[in-house]
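Student: Handing you a structure now.
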Amino acid sequence: MNQQLSKKEQDAANRIDEILQDYPAIKNATTPFQKRLAAMPILKKLREQIADNKKSAAEKQETIAWCEDVMEASKDFTIWEKLTPKLEKNDCSRLHKLVADLKLSKRMMGAERMKGEDVDKIEWDKMVPFVVQHNWAAAFQNAGDYADGGFNLPYEMCAFEFRVTGKSVTILAFQAEGCEPNFQWYVQFGSYWVSHDENEDYPAKRFALEQVKAICVALDAEVATRTMVRAPEKLNRKREAEGKLPLYSYHVVNLNRRYRVSNPSPGGGVPAGKKRLHFRRGHYRHYAEFKTWVRWTLVGNPDLGFVDKEYRL
């Protein structure tokens with residue numbers, strides 16, 4: 001005896017009939033077993049579509065979060081770039097973080113292509129980091145014959161790392177033999193690095209590049225010495241086992257004791273017959289078939305050298 005279907009059950013049956021119009025293999029099957037066999041590949045495809053939709057939704061959500069982070073970092077950079085640059089003490093290298101993010105290309109804003117270089121082809125193990133802990137530009141600001149003149153990097157590939165007005169700043173510097181150095185600078189805002197084209201000019205960028213010049217000149221003229229701080233081997237083995245980039249050993253540049261004056265004479269005057277330290281600029285000497293670099297030189301009385309308070313942070 002047939003039982004009359006309720007409205008709800010009839011609506012469900014009609015909906016099933018509508019769905020089955022798209023799946024004739026199931027509709028035309030005569031037994032429950034045949035219907036099940038026909039439904040299995042269809043169910044598999046539907047489950048795959050659902051998984052793809054979830055993945056797509058997650059990717060869209062990730063993109064939204066990325067855009068929000070980028071907007072926040074851009075806003076912070078706009079505020080930061082207008083502040084008066086202040087050099088702060090730096091106590092470690094963060095180069096491994098920058099290199100990891102450059103390789104990922106997901107946490108970069110601006111000129112992240114590094115002048116078109118293929119990031120994966122750069123020999124990062126040859127990059128020599130310098131963690132800046134002293135105000136070199138301030139120490140040289142009154143030095144004679146310093147403002148003009150070119151300079152060379154101490155190595156072909158260097159990373160100069162600073163803390164400037166509360167942010168980590170890294171300048172990657174490259175120099176082929178006989179060529180001028182070129183630079184790419186990065187500023188860290190939260191999880192993101194902001195980078196801009198070398199032609200763009202900001203007070204903090206000029207400030208950091210002045211520090212780079214001062215460090216290079218100090219090393220070239222042997223006004224400064226460098227000390228290697230080695231990365232912990234045990235920690236690096238653990239990082240490599242976890243698939244992370246190793247920490248970098250880095251250099252700290254210190255003033256040569258010969259040129260340091262802790263207690264300058266009252267009034268800062270120069271005693272008669274004594275000439276305060278001043279630079280002879282570094283330059284290239286050109287010959288018929290080659291050129292050679294003549295290093296910067298500091299000349300004058302070492303007793304009238306740099307004052308600690310101008311150099312220490």
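Student: What residue, among those in region 157-186 that are touching a residue at least 60 places away in the same chain (Cβ under 8 Å) and over 15 Å from the mean Cα position of the chain (by Cα), is farthest from residue 283 (Cα to Cα)?
Tutor: Among residues in region 157-186 that are touching a residue at least 60 places away in the same chain (Cβ under 8 Å) and over 15 Å from the mean Cα position of the chain (by Cα), the one farthest from residue 283 (Cα to Cα) is 166.
Student: On the basis of being on the phi < 0 side of the Ramachandran plot and touching a strand residue (DSSP E or B) at 6+ places or on another chain (Cβ under 9 Å), does residue 27 make the cut? Reasoning before the result, please.
Tutor: Numbers: on the phi < 0 side of the Ramachandran plot: yes; touching a strand residue (DSSP E or B) at 6+ places or on another chain (Cβ under 9 Å): no.
Taking the combined requirement at face value, the residue does not satisfy it.
Student: Would you mind telling me which numbered condition in (1) of a type in the set (Asp, Glu); (2) surrounded by fewer than 18 Cβ atoms within 10 Å (Cβ to Cβ); (3) under 27 Å from residue 281 (Cβ atoms) residue 200 fails?
Tutor: Failed condition: (3).
Student: Among the candidates 242, 233, 222, single out the residue that is under 20 Å from residue 155 (Cβ atoms) and either modelled with pLDDT of 95 or more or not aliphatic (A, V, I, L, M) (or both).
Tutor: Only one candidate qualifies: 222.
Student: How many of the residues in region 1-39 are part of a helix (DSSP H, G or I), loosely packed, with under 11 Cβ neighbours inside 10 Å and at pLDDT 80 or above?
Tutor: Of the residues in region 1-39, 2 are part of a helix (DSSP H, G or I), loosely packed, with under 11 Cβ neighbours inside 10 Å and at pLDDT 80 or above.
Student: Which number in (1) under 27 Å from residue 281 (Cα atoms); (2) surrounded by fewer than 20 Cβ atoms within 10 Å (Cβ to Cβ); (3) modelled with pLDDT of 90 or more; (4) not small (Gly, Ala, Ser) marks the one condition that residue 215 misses?
Tutor: All conditions pass for residue 215, except number (2).
Student: Considering only residues that are in a helix (DSSP H, G or I) and surrounded by 13 or more Cβ atoms within 10 Å (Cβ to Cβ), look in region 101-126 and name the one that is modelled with the lowest pLDDT. Walk me through how you get there before you give the answer.
Tutor: Residues of region 101-126 that are in a helix (DSSP H, G or I), as a first pass: 101-104, 119-121, 124-126.
Narrowing further to those that are surrounded by 13 or more Cβ atoms within 10 Å (Cβ to Cβ): 101-103, 119, 124.
Details: 101: 85, 102: 84, 103: 81, 119: 78, 124: 91.
Of everything passing the filter in region 101-126, 119 is modelled with the lowest pLDDT.
Student: Right, another one. Going through 84, 78, 63 one at a time, which residue ends up being assigned to a loop (DSSP other than H, G, I, E, B) and among the hydroxyl-bearing types (Ser, Thr, Tyr)?
Tutor: 84
Student: Could I ask something else about it? In this structure, does residue 261 turn out to be aliphatic (A, V, I, L, M) and modelled with pLDDT of 65 or more?
Tutor: Criteria not met by residue 261.
Student: Another one. If I ask for residues that are among the basic types (Lys, Arg), under 30 Å from residue 145 (Cα atoms) and not in a helix (DSSP H, G or I), which ones from region 210-250 would you list? I'd like the intermediate steps shown before the answer.
Tutor: Here is the first cut: in region 210-250, the ones among the basic types (Lys, Arg) are 213, 226, 230, 234, 237-239, 244.
Among the residues that remain, those that are also under 30 Å from residue 145 (Cα atoms) are: 213, 226.
Selection gives 226 alone.
Student: Can you name the residue in region 78-98 that is at pLDDT 90 or above and of a type in the set (Val, Ile, Thr) and is also nearest to residue 230 (Cα to Cα) among such residues?
Tutor: 84
Student: Determine which member of the set 136, 66 is surrounded by 11 or more Cβ atoms within 10 Å (Cβ to Cβ) and modelled with pLDDT of 85 or more.
Tutor: After applying the criteria, what remains is 136.
Student: Right, here's the next one. Among residues belonging to region 139-166 that are among the charged types (D, E, K, R) and surrounded by 18 or more Cβ atoms within 10 Å (Cβ to Cβ), point out the one that is farthest from residue 222 (Cα to Cα).
Tutor: Going through region 139-166, the residues among the charged types (D, E, K, R) turn out to be 145, 148, 156, 161, 163.
From the residues that got through so far, the ones that are surrounded by 18 or more Cβ atoms within 10 Å (Cβ to Cβ) too are 161, 163.
Numbers: 161: 21, 163: 25 Å.
Looking at the filtered set, the residue picked out is 163.
Student: I'd like to check something: does region 153-171 contain any residue that is part of a loop (DSSP other than H, G, I, E, B), at pLDDT below 85, farther than 30 Å from residue 65 by Cα and not small (Gly, Ala, Ser)?
Tutor: No - not one qualifying residue is present in region 153-171.
Student: Scan region 42-56 and report the pairs whose first residue is closer than 13 Å to residue 23 by Cβ and whose second residue is surrounded by 10 or more Cβ atoms within 10 Å (Cβ to Cβ) and modelled with pLDDT under 85, with Cβ atoms within less than 8 Å and a gap of 6+ or a chain change.
Tutor: Within 8 Å, the pairs are 42/23; 42/25; 42/26.
The values are calculated or read from the model by the stated rules, or taken from the named source; none is laboratory data. This one's a predicted model, so the numbers in the text were calculated from it and none came from an experiment. Quick reminder, even Gly has a Cβ in these numbers, built from the backbone with ideal geometry, and neighbours come from all protein chains shown.
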